[in-house]
Amino acid sequence: MNKQTDTIALVGRIFIAVLFLLSGLGKPAAPAATQAYISAMGLPMPVLAYFGSMAVELIGSVLLIVGFRVRAVSVGMAVFTLLTALFFHRNFANQNQMIHFFKNIAITGGLFQIAAFGAGRFVIDRLFDRTDAPSDAAHRAAQ
């Protein structure tokens, strides 16, 4: 990657993360309604699912933005997003649900792209020399 593609990778991570961040921040506004929706979809332990989904969305989005263990976080969030599509947006008779289903599939694809190709240079992992972050030597070789 070069500086331009590293910048694009950062912007892409931020754009995807903002979706999760806003969703996670919005959940406390209507906890009972969210838990009732989870329960209506037939999922067990709606309170636990509510707090779990809020944690995934808030923590995962922040980790994506700052660039901490981005490949692992992306895979985890991709699985979460795919499960959300399958459990909550499977009523294709409702056009709105179908749109949300395919939106989630597209987001899952973007998260898998991040997992496959990395987060670029602008990551906090570089401060800790983590394996998720590309090494300086790899960057110099790629340029």
Which label belongs to the value computed from this structure, given these candidates for semi-axes √(5λ) of the Cα gyration tensor in Å: [x] 32, 16, 11; [y] 27, 18, 15; [z] 74, 13, 10? [x]
Whole angstrom only: what separates the Cα centroid of segment 76-126 from the Cα centroid of segment 1-66? 11 Å
Which Cα, out of LEU22, ILE38, ASN2, lies furthest along the positive dipole direction of the chain (beta carbon charges, K/R +1, D/E -1)? ASN2
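Per the helix-only calculation at 222 nm, which mean residue ellipticity applies to the chain, given -39500 (n - 2.57) for every DSSP H run of n ≥ 4 and division by its residues, nearest 500 deg cm²/dmol? Show your work: numbers first, answer last.
Values: 7 runs with 108 residues, N = 143.
Rounded to the nearest 500, the figure is -25000 deg cm²/dmol.
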Least to most buried among SER74, SER53, SER39 (fewest other Cβ within 10 Å first): SER39, SER53, SER74
Looking at the chain, do any whole DSSP H helices span at least 24 angstrom along their long axis by alpha carbon and average -0.5 or above on Kyte-Doolittle, and which? 3-26, 46-66, 70-88, 95-117
When the chain is treated as a GNM, springs tying every alpha-carbon pair under 10 Å, which of ALA78, ALA30, ALA17 comes out with the largest mean-square fluctuation? ALA30
For the chain, what does the relative contact order come out to in percent, with C-alpha contacts under 8 Å and a separation of six or more? 30 percent
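No lab work stands behind these numbers, since they all come straight from the coordinates. What you see is a predicted model; the values in this text were computed from it and never measured. Cβ sites come from the backbone with ideal geometry, for glycine too, and all protein chains shown count toward neighbours.
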